[in-house]
Amino acid sequence: MTALTIPTTTEEAGQAVVTGLFHTAIKTADLLASLVFYKTVLGLWEVARPDFGFPGAWLACPVPGGAAIIHLYAGGPALSLGGAATLGSAAVDHVSLACIGFHAFRERFKAHGMPWREQVVPGTTLWQLFVYDPSGVQFELTFEGSLESGMLPDMSTALAYVPGVNFFKPAVR
């Protein structure tokens, strides 16, 4: 077996280089509930979206010139052959966002009656919160714990994050 060499320049990579995550596209059966989650709970901004001929929204980080990192789409393109939007993340386990304000996000989850889980990444100063959007897509909000004030994440059995354990509770309509 030959040793793996990792390219360090575009020449070594053959001019094909991944430079970052452009966006995540999420199907939703309930565009309004999704917009409430992304705008009110996560605090993202809705930005201009081209008219694709079906409902949707683009949401960006709330900073000047923030890129649209979440693309929601609803209506026909979001539906399976059976006519329903799929719930859950399928093979994608979660989407991770770099965040500030650990305790403020917890308060938002409480205010919206949303279940969440917490974790400290072992051997690091990273704190994490896990929450689901209305379509069952799991989000990991990651914080630099050394910059956060207040109590450490609650690692009690009730709130500790356990990889692979689904705690999504679909809204009753």
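The values are calculated or read from the model by the stated rules, or taken from the named source; none is laboratory data. As the structure is a computational prediction, the values presented were derived from the model and not from experiment. Methodologically, a virtual Cβ is constructed for each residue, glycine included, from the backbone with ideal geometry; neighbour enumeration extends over all protein chains shown.
Among the residues of the stretch 57-75, which ones are part of a loop (DSSP other than H, G, I, E, B) and either touching a Lys or Arg at 6+ places or on another chain (Cβ under 7 Å) or of a type in the set (A, V, I, L, M, F, W, C) (or both)? Result: CYS61, VAL63, ALA67, ALA74. Screening the stretch 36-49 for residues that are assigned to a loop (DSSP other than H, G, I, E, B) and in contact with a strand residue (DSSP E or B) (Cβ under 9 Å, 6 or more places away or on another chain) and picking the one that is nearest to ALA25 (Cα to Cα) gives ARG49. Among the residues of the stretch 105-143, just one is of a type in the set (Asp, Glu) and without any contact (Cβ under 8 Å) to a residue 40 or more places away in the chain, namely GLU107. If you go through the stretch 149-173 and pick out every residue that is assigned by TED's automatic domain parsing to the domain that holds PHE102 and charged (D, E, K, R), you end up with 1. Against the list (1) in contact with a Phe, Trp or Tyr (Cβ under 6 Å, 6 or more places away or on another chain); (2) in a loop (DSSP other than H, G, I, E, B); (3) not aliphatic (A, V, I, L, M), the condition GLY123 fails is (1).
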